[in-house]
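Please read the structure below before turning to the comments.
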Amino acid sequence: MRKAAAVVLLLLVSVAMLFAYDPRLSAMGNIGVSVSGTEMQSYGNPAAVFFDENPYTFLVSGTIGDVMGLDKWPCYPSSSLEALFVANMITAGMEVSYQAENRRDNDHVDLKQSVTLDVNFSAGYNFFSAGVGVTGGSQQQRLDVPMESLFDFPVQSVFAPFDRVVNSEFIQLRAGMMMHLGQFFVGVLLDNLLHKDGSSMTFKWSEIFDGTGIGMYWSMPEYASRGRMNNLVVSAGAEVKNLFNDDERTFNTGAELKFRMVRDSSTVFRTGYSALWNDLFHGTITAGLGVNIRKVGFYGNIDIPIGGYPVGRITARVLF
């Protein structure tokens, strides 16, 4: 098992190196304010750590995907490598990612590299939990990079010198609460309480609730009343983010269907929808298919913007 994990890790590193991107949450319409049942997820709400039943988990995750839509070949990809540690009431993660963006007419793009550190703390009692999370890191961007073939992406990202044309550092603080009521989870997330971008840091009481998110999540018990495992597990959730920000208020909803093949292996299908509250019919449809085989998981996701081009990602995760 260790040799197989090492081979997968080596493959991911050779391709290239977003703690913010999680295949489960992204396929379910980017929900996360009240989602539980982590299944190797990154934590949208830091209070969710308290409801994780695993005593500790360490995972390595790698993702490759398109970022601009499949309107022409070659597509312009993103790639990331992250490590996440979860133990009782704390999570800590680090991620390195590269992304081609802002395509130009002459097959050149702007290439962005980001390094992110994320730490979450939570505590709770019985059915209630609260948590805080801190995310920080840096971004570097190289402008007008030649990208005439798909092979140019790993060469320009990993092997070519990364000219630091644009630099910025960022730090964000968030706080969350969750309640577990039977099969329901109710969550509140205060996002972006403290925001630092570049050389400026802001903390304004008038904006402290702008990034508030509220949500509800329902999940079928994974074990029947007599203790027998349910082979088919369904869950769903809905939420509103940026509740008090008229320009960025969003509606997110998603569902998950999990079929257990054996105790530690399953196949999952996920779908969702995400849109601005003021323009609900021009959002993005999300879908994903995943396979978990004991401690290894493979996931394929697709985002379909209404009126735009599909965007896809492939993720591999290894638990230790």
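Residue-wise test of (1) closer than 20 Å to Ser235 by Cβ; (2) at pLDDT 95 or above; (3) acidic (Asp, Glu).
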| residue | (1), (2), (3) |
| --- | --- |
| Tyr273 | yes, yes, no |
| Leu276 | no, yes, no |
| Asp279 | no, no, yes |
| Thr284 | no, yes, no |
| Arg294 | no, no, no |
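List pairs: first residue in segment 108-124 and farther than 27 Å from Val67 by Cβ, second residue among the aromatic types (Phe, Trp, Tyr) and outside any strand (DSSP E or B) anywhere in the structure, Cβ distance under 8 angstrom, at least six positions apart or on different chains.
Filtered contacts from segment 108-124: Ser122/Phe50; Ala123/Phe50; Gly124/Phe50; Gly124/Phe51.
Which residue, of Ser266, Ser235, is over 20 Å from the mean Cα position of the chain (by Cα), more than 30 Å from Ser168 (Cβ to Cβ) and not in a loop (DSSP other than H, G, I, E, B)?
Among Ser266, Ser235, only Ser266 is over 20 Å from the mean Cα position of the chain (by Cα), more than 30 Å from Ser168 (Cβ to Cβ) and not in a loop (DSSP other than H, G, I, E, B).
Restricting attention to segment 219-236, does a residue exist that is at pLDDT below 90, surrounded by 17 or more Cβ atoms within 10 Å (Cβ to Cβ), farther than 20 Å from Ala27 by Cα and out of contact with any His (no Cβ under 8 Å at 6 or more places or on another chain)?
Within segment 219-236, none of the residues are at pLDDT below 90, surrounded by 17 or more Cβ atoms within 10 Å (Cβ to Cβ), farther than 20 Å from Ala27 by Cα and out of contact with any His (no Cβ under 8 Å at 6 or more places or on another chain).
What are the residues in segment 31-54 that are among the hydroxyl-bearing types (Ser, Thr, Tyr) and either at pLDDT below 90 or in contact with a Lys or Arg (Cβ under 9 Å, 6 or more places away or on another chain) (or both), if any?
Hits for segment 31-54 are Ser36, Thr38, Ser42, Tyr43.
For residues that are more than 30 Å from Gly187 (Cβ to Cβ) and of a type in the set (Val, Ile, Thr), tally how many sit in segment 100-153.
Qualifying residue count, segment 100-153: 2.
Each row is one residue, and each column tells you yes or no for (1) more than 22 Å from Ile314 (Cα to Cα); (2) in contact with a Ser or Thr (Cβ under 8 Å, 6 or more places away or on another chain).
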{"site": "Arg249", "(1), (2)": "yes, no"}
{"site": "Glu256", "(1), (2)": "no, yes"}
{"site": "Arg260", "(1), (2)": "no, yes"}
{"site": "Ser266", "(1), (2)": "no, no"}
{"site": "Arg270", "(1), (2)": "no, yes"}
{"site": "Ala275", "(1), (2)": "yes, yes"}
{"site": "His282", "(1), (2)": "yes, no"}
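Looking at Ala100, is it surrounded by fewer than 18 Cβ atoms within 10 Å (Cβ to Cβ), outside any loop (DSSP other than H, G, I, E, B) and modelled with pLDDT of 80 or more?
Values: surrounded by fewer than 18 Cβ atoms within 10 Å (Cβ to Cβ): no; outside any loop (DSSP other than H, G, I, E, B): yes; modelled with pLDDT of 80 or more: yes.
No, not satisfied.
Please specify each residue of segment 294-316 satisfying the condition of being in a strand (DSSP E or B) and farther than 18 Å from Leu257 by Cβ.
Val296, Asp303, Ile304, Pro305, Val311, Gly312, Arg313, Ile314, Thr315, Ala316
Looking at segment 240-247, can you tell me whether even one residue there is at pLDDT 95 or above, surrounded by 14 or more Cβ atoms within 10 Å (Cβ to Cβ) and not in a strand (DSSP E or B)?
Within segment 240-247, none of the residues are at pLDDT 95 or above, surrounded by 14 or more Cβ atoms within 10 Å (Cβ to Cβ) and not in a strand (DSSP E or B).
Mind checking which residues of segment 127-174 are in a loop (DSSP other than H, G, I, E, B) and on the phi > 0 side of the Ramachandran plot?
none
Among (1) buried (at least 17 other Cβ atoms within 10 Å of the Cβ); (2) under 19 Å from the mean Cα position of the chain (by Cα); (3) more than 23 Å from Leu190 (Cα to Cα), there is one condition Arg260 misses while meeting the rest; what is its number?
The failed condition is (2).
The values are calculated or read from the model by the stated rules, or taken from the named source; none is laboratory data. The structure presented is a predicted model; accordingly, all values stated were derived computationally and were not measured. Heads up, the Cβs are rebuilt from the backbone with ideal geometry, glycines too, and the neighbour counts pull from every protein chain shown.
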